[in-house]
1. How far is helix 50-81 tilted off the main Cα axis of the chain, in degrees rounded to 10, range 0 to 90?
2. Compute the length gained on full extension between residue 69 and residue 45: take 0.36 nm times their separation in residues and subtract their Cα-Cα distance, giving the result in nm to one decimal.
3. Working from Cα positions, state the angle (0 to 90°, nearest 10) between the long axis of helix 17-44 and the longest principal axis of the chain.
4. Compute the relative contact order of the stretch 10-79 as a whole-number percentage, counting only Cα pairs closer than 8 Å that sit 6 or more residues apart in sequence.
């Protein structure tokens, strides 16, 4: 982390690779599991429509977005709790 005071902890969190990594490690597998559960039967039967493809793309992105928001908020809260350096 940088030694500068955390005037904007959310912006600082957005620039932190660990936040992105955490969101990817949590959100993408959950999203892919959702795709397998919710659209897997369509994929196995090769009944692919625009709706199935759209849902198959949106599910991991939505899960990633939720995990990213959570990781960002957690990181920003940790930065706010740290005493700012002079």
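Here, each number is a calculation from the coordinates, and none is a lab measurement. Computed from a prediction, not measured in an experiment: that's the story for all the values here.
1. Rounded to the nearest ten degrees, it is 20.
2. Gain on stretching residue 69 to residue 45: 5.1 nm.
3. Between the helix axis and the principal axis of the chain, the angle is about 10 degrees.
4. 54
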